[in-house]
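Nothing in this text is a laboratory measurement; each read-out follows from the coordinates by a stated rule. Worth saying up front: this structure is predicted, and the values here are computed from it rather than measured. Every residue, glycine as well, gets a Cβ built from its backbone with ideal geometry; the counts of neighbours run over all protein chains shown.
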């Protein structure tokens, strides 16, 4: 039996958990999850992070707001610094589905840090006295972003999603993920200049924003700016070498520019990531044209 992997790229995690990669990016940006940096400075997720991500998704499905989860995790990190994976300790409240309790060494703390089970006698008094927390204020930008992501699942609510994203960036101008999603909304409506502006704002706020670079590359290629497209496709591939769409678009663009050897390298990279499907069949023909 093959052993479990030690780490996973963001693209792999998105495919495993069936969650949009930009949401993973934002959860990491807001310190809900803590990806590790590899030797080449790329984000990698270990198995513990996968468990935490699954917990976020489960709590969200049951009506717990993301800002509540984030504030809860921040509180646990402050009060229980030895707790390795705060997300894994969160559970739905037995009183309200939209709240959580935290389980720690057999003890349960409610939503405000109050003890629900008796302490053992050796529990330090200073620890007990710290189990108080002011009521957490809602993070409006985060709430709007999450709401917009949910609205996007309904084709009839896309304009409502766009409005929510816009309100999010009004509150938090450097909200790169919201800018990127706004860019895609305007791109799909044929408003390419507005799309380009939001992709550039996303990158200005976060130079390592994978989707913004990739989407901007697409847009620039459609506008005939092949060199600009090449730059952003390369950046996307550098940020996440396991993102197959970057390899595919680079291969096609290199062919268009008549850089055949570069194109073949990208076709090989694409095959290593996606060995099945229409584009994989085309990649094989490009890598071995005489076969």
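Using only the Cα atoms, what convex hull volume per residue in Å³ does the stretch 175-291 have?
Numbers: hull volume 11.6 nm³, N = 117.
Taking only Cα atoms, the stretch 175-291 has a hull volume of 100 Å³ per residue.
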Please report, largest first and rounded to whole Å, the three semi-axes of the ellipsoid equivalent to the stretch 139-227, where each semi-axis is the square root of five times an eigenvalue of the C-alpha gyration tensor. 22, 15, 9
Rounded to two decimals, the Rg over Rh value of the stretch 243-291 from Cα coordinates and the Kirkwood Rh reads 0.93
In nanometres, what is the gap between the two model label sites at residue 74 and residue 282, each 7 Å from Cα along Cα-to-Cβ? 4.6
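Using a Förster radius of 45 Å, what is the FRET efficiency between residue 258 and residue 204 based on their Cβ-Cβ separation? Nearest 0.05, please. Walk me through the numbers on the way to the answer.
On the way: r = 33 Å, r/R0 = 0.73.
According to the calculation, E is roughly 0.85.
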The stretch 243-291: relative contact order from alpha carbon pairs under 8 Å, six or more residues apart, as a whole percent, is 34
